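Notes for the one structure printed next.
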There are 2 protein chains.
Amino acid sequence: MFSGAQISLYPMTDDFAGVIMRSLGALDPYRDRLRIETDDISTLVVGPPAVLFPAMRDLFVAASASGKHCVLSAAISQGCPGEPDDPICQTPELGGPLSPLPERKQKALEAVGDTVLSGQTVAAQFSLYVMGTDHHMDEIYGCIDFLKNSGVFEKSKNFCTKLRGDASPVFATLHEAFCRFGPPAGHVTIDLTVSANSPSAV
Amino acid sequence: MFSGAQISLYPMTDDFAGVIMRSLGALDPYRDRLRIETDDISTLVVGPPAVLFPAMRDLFVAASASGKHCVLSAAISQGCPGEPDDPICQTPELGGPLSPLPERKQKALEAVGDTVLSGQTVAAQFSLYVMGTDHHMDEIYGCIDFLKNSGVFEKSKNFCTKLRGDASPVFATLHEAFCRFGPPAGHVTIDLTVSANSPSAV
């Protein structure tokens, strides 16, 4: 199943290009498992979620280490009917039969609890969209219940959910939300914003 | 039907807060028709699409007039089942019975053709998500066909469509894509990125 993201990194500084260029090395450990293409508006990263989410985390932590206010924005997608399959996306994570919601929520919480802290605090905001089913809100509500117990839940907002905490459990929570909810082999997307070093953070 | 957006503005400059503050006046003509709430990660703007899209356009054109590389990112939504209705969102634009796709494509093209140019060139990239129906790809493909004839279509990318042109027809095209496609009273969202003054623009 085809999966990946269109990712953009926005350092709020005159030296934005320098901050971006100096962060890209954080992607090196993942490059052989991702297909990466850049244009003037975003970078396409194609690969399985288990590679994609840690890669985004490390890229963002590297950029945030500049101390500048940085934002990562991403349109993350799997199972889009209009996309061709790609061998680099093969993974046992996706496409299996769905186990009951309570079991999936428990596994998601365990995965988040297993992370090693990065030392970088971030705020994140995302919308999870489940397409091609008449019952998408059941999965959304199940996911929201997991999020509220994730340890990085800040609040529900109109159209989205806000997280805050160390980058490691935040990105692990996003990964779990993306992979454990929604129909198997279904079309699921996340519209993601992650922010660090904001002068207006409370 | 509840509609609105979570909007963020990213000026890539040390003076990012100044650029944002000096742009906010562009929202003044719309403030009585919108509900606006800001936190450290985005600004919630609640109101009908016919007010929302011009307001985003004017805000972004004002920020881009700084000459700095600026990006606007927005999660735009209507008809989300989890949201309460709001009187400020009442509009005849949404919720009516769907006319045939060819007729809607023609009306969308006419609306884009009627815009007055802003003088600001932008690149935009967006994903349109239609939820709660088993036939969402028909509407997506109909929308893509309209986009290809909009005069601001640049290319299809994985997960999204890229536009380029004057801010006025670009935002008008986004507005039409949002309102004319998808089931009436359905849950439709757009994940939007708009960029200006990028040093890497081709």
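Here are the numbers:
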read-out	value
Residues located in the range A:143-202, provided they are closer than 19 Å to B:Ala75 by Cβ, surrounded by fewer than 23 Cβ atoms within 10 Å (Cβ to Cβ) and in contact with a His (Cβ under 8 Å, 6 or more places away or on another chain)	A:Ser198
Boolean, B:Met21 is over 21 Å from A:Cys160 (Cβ atoms), buried (at least 18 other Cβ atoms within 10 Å of the Cβ), within 13 Å of chain A (Cβ to nearest Cβ) and not polar (S, T, N, Q)	no
Restricting the range B:63-101 to residues that are modelled with pLDDT of 90 or more and over 19 Å from B:Leu174 (Cβ atoms), the residue that is nearest to the other protein chains (Cβ to nearest Cβ)	B:His69
Contacts under 7 angstrom Cβ, first residue in the range B:136-160 being away from chain A (no Cβ under 12 Å) and within 22 Å of A:Gln6 (Cα to Cα), partner aromatic (Phe, Trp, Tyr) and assigned to a strand (DSSP E or B), 6 or more apart	B:Leu147/B:Phe153
Test for B:Ala26: is it crowded, with 20+ Cβ neighbours inside 10 Å, away from chain A (no Cβ under 12 Å) and touching a helix residue (DSSP H, G or I) at 6+ places or on another chain (Cβ under 6 Å)	no
Test: residue in the range B:183-199 that is free of Cβ contacts under 8 Å to residues at least 60 places away in the same chain and at negative phi	no
Hits in the range B:1-36 (condition: small (Gly, Ala, Ser) and free of Cβ contacts under 8 Å to residues at least 40 places away in the same chain)	B:Ala17, B:Gly18, B:Gly25, B:Ala26
Unmet criterion (only one of (1) out of contact with any Ser or Thr (no Cβ under 7 Å at 6 or more places or on another chain); (2) in contact (Cβ under 8 Å) with a residue 40 or more places away in the chain; (3) surrounded by fewer than 22 Cβ atoms within 10 Å (Cβ to Cβ); (4) at the interface with chain B (Cβ under 10 Å from one of its Cβ atoms)) for A:Asp39	(2)
Given (1) more than 7 Å from chain B (Cβ to nearest Cβ); (2) more than 22 Å from B:Cys160 (Cβ to Cβ); (3) touching a strand residue (DSSP E or B) at 6+ places or on another chain (Cβ under 7 Å); (4) outside any strand (DSSP E or B), index of the condition A:Arg164 fails	(4)
Unique residue being touching a strand residue (DSSP E or B) at 6+ places or on another chain (Cβ under 7 Å), farther than 14 Å from A:Gln6 by Cα and either assigned to a helix (DSSP H, G or I) or of a type outside the set (Lys, Arg) (or both) when the list is A:Val19, A:Val45	A:Val19
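The values are calculated or read from the model by the stated rules, or taken from the named source; none is laboratory data. As the structure is a computational prediction, the values presented were derived from the model and not from experiment. Note that each Cβ is placed from the backbone with ideal geometry, even for glycine, and that neighbours are counted across all protein chains shown.
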